[in-house]
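Participant: I have a structure I would like to understand better, so I am pasting it below and will then ask my questions one at a time.
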Amino acid sequence: MSLVPRVSLAALVSRLAGWCRNAVLHEWRNVVAGPCRRLWERGPLGVSLAVLASVAVIGLHEFQQTTAGAGVVRVLSEVRADQPVWLSLLRTPVSLFVPAVDLPAWGGLPRLFLAFALAELLFGRVRTLVVAYAVTLAGTLGARVMIALGPDRLGLPAEAAHTVDTGASAAIVGLFAFTAVTLRSPLLFLAAVVPTVAGSIAEPNLAGREHLVAVAVAMILAIVLPGRKEGQAESKEADQADQIHQIQQIQQIQQIQQIHQEARHGGSRRGRPTGRRGDRSDQDR
């Protein structure tokens, strides 16, 4: 006889379906319902940072298209690895909101707004700005290290030092990674972070390597920053509330079943004494 318990296919499917249902409910509470509730409580000011970031990207893009604006934007935001480090540090905050030359400005606006709005509603403006700037700066400095290593050591070729490094893509993927790890939301990570990481691995250019650095730094920040405990506490409270609700539903169903069983047993008991009395009377007679 085999000592390994046999698990039927129906039981495996039932467990998998239960896990998927719980995962979807967890994501819905933390990623959708929670931010929407806070947006309802705070109003439009709850996403003011996301609105300002979107307006800054649109404004700088349109200003960059003019003859005079192109020079001003270049002086304020152009970051390259062949520049002095202090100059890159000064230009990095502005470069975050200047669209990359080879990417459409309007195409990335929905992702930018969603990343900033979600982080702002969940963690506040200050923490959102800190994470966005930290992952962008880490990508910029990491590019210098990879260029110094060279392509023979899994780095970048020397020509990458002349590439203009602007755009909010590193901040966007970093904020999504920070939010997903803090809230323990694997579906959000799969939907918003994994495609960018896969594309960065498939095309190992300057932007792709910076995205990988941004994701790694964002995950570290999600573990280190104090807000992680608050996010986990809210997530646990939501899970406990859902479990309590499920237990209450099961108890209600059990009570209803018990009432039906008592009603059936009560009817049978009321019928039995009459028969027994009749039998006793016949015996006495």
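Participant: Residues to consider are Leu122, Leu141, Leu156, Leu187; find the one that is among the aliphatic types (A, V, I, L, M), open to solvent by less than 50 Å² (accessible area, probe 1.4 Å) and in a helix (DSSP H, G or I).
Facilitator: Going through Leu122, Leu141, Leu156, Leu187 in turn, just one is among the aliphatic types (A, V, I, L, M), open to solvent by less than 50 Å² (accessible area, probe 1.4 Å) and in a helix (DSSP H, G or I): Leu122.
Participant: Follow-up. Can you name the residue in the range 55-100 that is in contact (Cβ under 8 Å) with a residue 60 or more places away in the chain and within 28 Å of the chain's Cα centre (by Cα) and, of all such residues, is farthest from Gly167 (Cα to Cα)?
Facilitator: Across the range 55-100, the extreme among qualifying residues is Val57.
Participant: Would you confirm, using the coordinates I've provided, whether Ser200 is farther than 24 Å from Pro84 by Cβ, touching a residue at least 60 places away in the same chain (Cβ under 8 Å) and either touching a strand residue (DSSP E or B) at 6+ places or on another chain (Cβ under 6 Å) or buried (at least 18 other Cβ atoms within 10 Å of the Cβ) (or both)?
Facilitator: Against the criterion (farther than 24 Å from Pro84 by Cβ, touching a residue at least 60 places away in the same chain (Cβ under 8 Å) and either touching a strand residue (DSSP E or B) at 6+ places or on another chain (Cβ under 6 Å) or buried (at least 18 other Cβ atoms within 10 Å of the Cβ) (or both)), Ser200 does not qualify.
Participant: Restricting attention to the range 29-48, which residues are under 18 Å from the mean Cα position of the chain (by Cα) and among the hydrophobic types (A, V, I, L, M, F, W, C)?
Facilitator: Within the range 29-48, Val31, Val32, Ala33, Cys36, Leu39, Val47 qualify.
Participant: While we're here: Name, by its number, the condition in (1) over 16 Å from Leu122 (Cα atoms); (2) open to solvent by 80 Å² or more (accessible area, probe 1.4 Å) that does not hold for Gly59.
Facilitator: (2)
Participant: Just checking, which of Ala138, Ala115, Ala158 is in contact with a helix residue (DSSP H, G or I) (Cβ under 7 Å, 6 or more places away or on another chain), in contact (Cβ under 8 Å) with a residue 12 or more places away in the chain and more than 23 Å from Leu76 (Cα to Cα)?
Facilitator: None of the other options fit; the residue is Ala115.
The values are calculated or read from the model by the stated rules, or taken from the named source; none is laboratory data. Computed from a predicted model, the values in this text were never measured in an experiment. Positions of Cβ are generated from backbone atoms using ideal geometry, with glycine treated the same way; all protein chains shown enter the neighbour counts. Remember, those area values only see protein heavy atoms, side chains included, never the ligands or the DNA or RNA. Shrake-Rupley method; radii C 1.70, N 1.55, O 1.52, S 1.80 Å.
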